[in-house]
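Student: Pasting a structure here, questions to come.
The values are calculated or read from the model by the stated rules, or taken from the named source; none is laboratory data. No experiment lies behind these values; they were computed from the predicted model shown. Heads up, the Cβs are rebuilt from the backbone with ideal geometry, glycines too, and the neighbour counts pull from every protein chain shown. Just the protein is used for accessible areas: all its heavy atoms, side chains included, with ligands, DNA and RNA removed. Shrake-Rupley method; radii C 1.70, N 1.55, O 1.52, S 1.80 Å.
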Amino acid sequence: MEILLAIVIGAAFGAVLDRIGASNPTVIGKMLNLTSLKLMKTILLAIGTGSILMFGGQMLGLVDVAHMSVKTAYVGVFIGGLLLGAGWAVAGFCPGTGLVAAASGRKDALFFIAGGLLGAAAYMASFPWVESTGALQGVLGGKVTIGAVPGSGYDGLFSALPGDIAGLVMGAAFVVIAFALPERLNPRGERLARAH
C-alpha cells in the first residue's frame, strides 16, 4: 500500500510540476535570467506553505517530530549544491524536473537523466577519494537545525530560538516574498531574448 501511495503522490506532484512549467527548460531559463518570476513565485509559495503547515502541525501535535529528518551539514553538501545549481542553469532541469520532463515526452530530458546517472556512477567510483579529502566531515555541529525543535533530538544553532517559531517565521517570509515579487526583474533581458 505504501508503494502505491508513493506512486500516486509522485504522479500528482509530477503533474503539478509539469503544469507550472518546472519541466520546461525555457521557463527555467526565464526564471534564472529574471525575465519571468512566475515559477520562482510558485516555488517560494510552495516552500513557505509547506513550512507553515509542517511547523504549525508540529506545534499543534498533528505532525510527529519523530518523522523529521535532518541531513548532516558538511562541505561536500555546499559544493554539491553549487554543482546542482550550475547544472540546473545549464541544462534547464534538476533531477526531479528532468524525470517529469522525460515522462511528458521531452527527449532532451533523457540525455539529462543519462548524464545524471553517469555522474552518480563517477561519484560512487571516486567516493573513497572524496571521503579522504575531508569534504564529508560534519561542520556547524553536523545534524543541526537553525533553532531547537522540541522532541526532535537535534541541536539548534541558536538554542534560545524555538525551531518551530523559526520555521513558521521563515515560511511566512517566503509566502510574503512570493506575493511581493514582481512578474519580472529584468525586462531588458526579455527584450534581448525576443530580438535574437
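Student: Hey, any hits in region 177-184 for a residue that's touching a residue at least 60 places away in the same chain (Cβ under 8 Å), open to solvent by 80 Å² or more (accessible area, probe 1.4 Å) and acidic (D, E)?
Tutor: Scanning region 177-184 turns up at least one residue that is touching a residue at least 60 places away in the same chain (Cβ under 8 Å), open to solvent by 80 Å² or more (accessible area, probe 1.4 Å) and acidic (D, E).
Student: If you don't mind, another one. Identify, by number, the condition in (1) of a type in the set (V, I, T); (2) in a helix (DSSP H, G or I); (3) modelled with pLDDT of 85 or more that T35 doesn't meet.
Tutor: Answer for T35: the failing condition is (2).
Student: Using the structure shown, decide if P150 is at pLDDT 90 or above and loosely packed, with under 13 Cβ neighbours inside 10 Å.
Tutor: Details: at pLDDT 90 or above: no; loosely packed, with under 13 Cβ neighbours inside 10 Å: yes.
Criteria not met by P150.
Student: Starting from residues that are under 21 Å from A173 (Cβ atoms) and of a type in the set (S, T, N, Q), keep the ones in region 23-58 and report whichever is surrounded by the fewest Cβ atoms within 10 Å (Cβ to Cβ).
Tutor: The first filter runs over region 23-58 and keeps only residues under 21 Å from A173 (Cβ atoms), leaving 31, 34, 37-58.
Applying the additional criterion that residues be of a type in the set (S, T, N, Q) yields 42, 49, 51, 58.
Numbers: T42: 18, T49: 15, S51: 20, Q58: 22.
Result: T49.
Student: Let me ask you something else. For region 59-96, name all the residues that are open to solvent by less than 50 Å² (accessible area, probe 1.4 Å), at pLDDT 85 or above and either among the hydroxyl-bearing types (S, T, Y) or more than 14 Å from the chain's Cα centre (by Cα) (or both).
Tutor: Correct list: A91, G92.
Student: Related question: Return only the number of the condition from (1) at negative phi; (2) not in a helix (DSSP H, G or I) that F55 does not satisfy.
Tutor: So the condition that F55 fails would be (2).
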